[in-house]
Every structure is written in C-alpha cells, then in structure tokens.
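The values are calculated or read from the model by the stated rules, or taken from the named source; none is laboratory data. Since the structure is predicted, the reported quantities are computational estimates derived from the model, not experimental observations. Positions of Cβ are backbone-derived with ideal geometry, glycine not excepted, and every protein chain shown enters the neighbour counts. Note: accessible area is taken over every heavy atom of the protein model, side chains too, but ligands, DNA and RNA are not part of it. Shrake-Rupley method; radii C 1.70, N 1.55, O 1.52, S 1.80 Å.
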Amino acid sequence: MTTGNDQQGKLYLVPTPLGKTPSNNSLPPAVIETVHTLDTFLVENIQSALRFFQWIKHPIPDYKLKLYVLNKKTSAEEKNDYLDLLQKGSRVGIVSEAGCPAIADPGAEMVKMAHSRGIAVVPLVGPSSILLALMGSGMNGQSFTFHGYLPIDKNVLRSTIKRLEQDSSSKSQTQIFMETPHRNNTLLRELVNQVNTDTRICVAVSITLPDEQIITKTAGAWRESTLPDFLKKPAIFLLETGR
C-alpha cells in the first residue's frame, strides 16, 4: 500500500470473480466487508458493476451508490475529477469487470495518476487469471512476461509466436498471453503448428469456474491429439521452451 496524506481519501482496487459461480469461491470475506464500507466506485460498465454489488449483497441501495465510468474512452479531465474526489477525502473503489483492477485493465492509468498526487492505493486480494494460470501450468514462475493480446493478422501472429518462443529460450522465461474467446481455437492451432515439438504450451480455461481446465503439453503431444474446443471460453495461454 502506498502512504498518502491522512486527510486524503484512498483508492481501493476491488477484484471481482472471473465468471459466474453458484457461490463465492474467490473473494475473501474481509474484501467483501471492505467493499461494503464504500459508496463511490469507478467502473467499466455500470450495469455489470451493479450486478456485482447485488451479488455481494452491498448494504447500500443501488440508487445511493455513486458510480462513475472508467474505461478506455474516459477523458483525462474526467480522471482528474475522480482524483479530486479522493483529494477531498472520498474513499473510492475501482471495480474490475473480471479479476484484478489495473492488470490488463483501464484502471492502471488511474493508479498511476493517484501515485502522482500522493494518494494512498489499497489493492484488495482477489483472483488473477494470469497468476492462477501460471501457478497451474508447471512453467517457470521465477521469470515470466505477460503480453496481453497477440496480433490478429495471421502472418504477424506467426512471427510473434516465433519471437516469443525465442525469448522463452534465450531468457529462460515463461511467455503469457491471452485472446478474445471467439479466437481461442485459432490461436491454439497456430501455437501448436508454429513452435518446436518440445516447446510446452499451456491453455488455462475458465479458471475458478465449474468447467475449469488447465492443460499443459508439448507441441508434439498437442499435435498427436484432437485439439479441444475452447470457443467462447475465457482463456490464458502460456508458452515455455524446455527446461
């Protein structure tokens, strides 16, 4: 946690589940208790945020919560207005659409701006699909890089995959990336076909959800089997050359 002026508010980073589950299996009770004390939030989507607050049984009625949109289209002027609330003493939560705020998430810029003004930042414990995938992959957890989304263009994608494989080899480093759910199968096919036979590929799908799968195989083993259908499922991909 950063240390800020005691008269200022605090910026809380509020994680959310990675998908719909019958019951809470990823948010500690202490996190929910903290969120219950907040009434001001920066959210990517108001409707989905309201569903989250209903799910955790937030004691403040929806119409009394102060919700402000924070997404890729939020202007610098609006972000500064949000920071003004904090500097006036408000305690504000950034709510992720899924997982942890500021990780592959528009909340990162707000956190950066809060630090620049000396505002205390409080990250709350919750699920990160990136770290959970790495934990379950059996790949190098001492050195790894997350790349976000890979290019869509097929030729650029193939050259990127080759570069990531080379980086994994030269740096002894796990390469982590993601894809939009409707292109999961395409990316898996490209990975399996482009990398060397002994390079390991992990696909971590629907983490923390009832249909969770974490599968790690060499590219050669993937080629010898029928590729599973991961269409429209949230997935994280990991790649590592032999250790």
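Each row is one residue, and each column tells you yes or no for (1) over 30 Å from Ile214 (Cα atoms); (2) of a type outside the set (Lys, Arg).
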{"position": "Asp81", "(1), (2)": "yes, yes"}
{"position": "Met113", "(1), (2)": "yes, yes"}
{"position": "Val121", "(1), (2)": "yes, yes"}
{"position": "Lys154", "(1), (2)": "no, no"}
{"position": "Leu157", "(1), (2)": "no, yes"}
{"position": "Ser169", "(1), (2)": "no, yes"}
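Looking at Lys57, Lys64, Lys88, which one is closer than 19 Å to Val122 by Cα, open to solvent by 30 Å² or more (accessible area, probe 1.4 Å) and over 22 Å from the mean Cα position of the chain (by Cα)?
Numbers: Lys57 fails: closer than 19 Å to Val122 by Cα; Lys64 fails: closer than 19 Å to Val122 by Cα.
Within the list Lys57, Lys64, Lys88, the selection yields Lys88.
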Problem - Any hit, segment 218-235, residues being of a type in the set (S, T, N, Q), assigned to a loop (DSSP other than H, G, I, E, B), within 14 Å of Gly136 (Cβ to Cβ) and out of contact with any Cys (no Cβ under 8 Å at 6 or more places or on another chain) - result: no
Completion exercise
Filtering segment 39-51 down to residues that are open to solvent by less than 50 Å² (accessible area, probe 1.4 Å) and either polar (S, T, N, Q) or under 17 Å from Ala102 (Cβ atoms) (or both) yields Thr40, Phe41, Leu42, Val43, Ser48, Ala49
Handout entry: Looking only at segment 173-191, and only at residues there that are β-branched (Val, Ile, Thr) and buried (at least 21 other Cβ atoms within 10 Å of the Cβ), the one that is nearest to Tyr149 (Cα to Cα)
Key = Ile176
Exercise for the section: Filter segment 116-135 for residues that are of a type outside the set (Lys, Arg) and either surrounded by fewer than 18 Cβ atoms within 10 Å (Cβ to Cβ) or under 30 Å from Lys88 (Cα atoms) (or both) and give the result. Expected result: Ser116, Gly118, Ile119, Ala120, Val121, Val122, Pro123, Leu124, Val125, Gly126, Met135
Practice task
Return yes or no: is Glu190 within 23 Å of Ala102 (Cβ to Cβ), among the acidic types (Asp, Glu) and out of contact with any Cys (no Cβ under 9 Å at 6 or more places or on another chain)?
Solution key: no
Problem - Gln142, sole failed condition from (1) without any contact (Cβ under 8 Å) to a residue 12 or more places away in the chain; (2) open to solvent by less than 50 Å² (accessible area, probe 1.4 Å); (3) closer than 20 Å to Ile214 by Cβ; (4) polar (S, T, N, Q) - result: (2)
Exercise for the section: Just need a number here: residues in segment 23-78 that are touching a residue at least 60 places away in the same chain (Cβ under 8 Å) and part of a loop (DSSP other than H, G, I, E, B). Expected result: 5
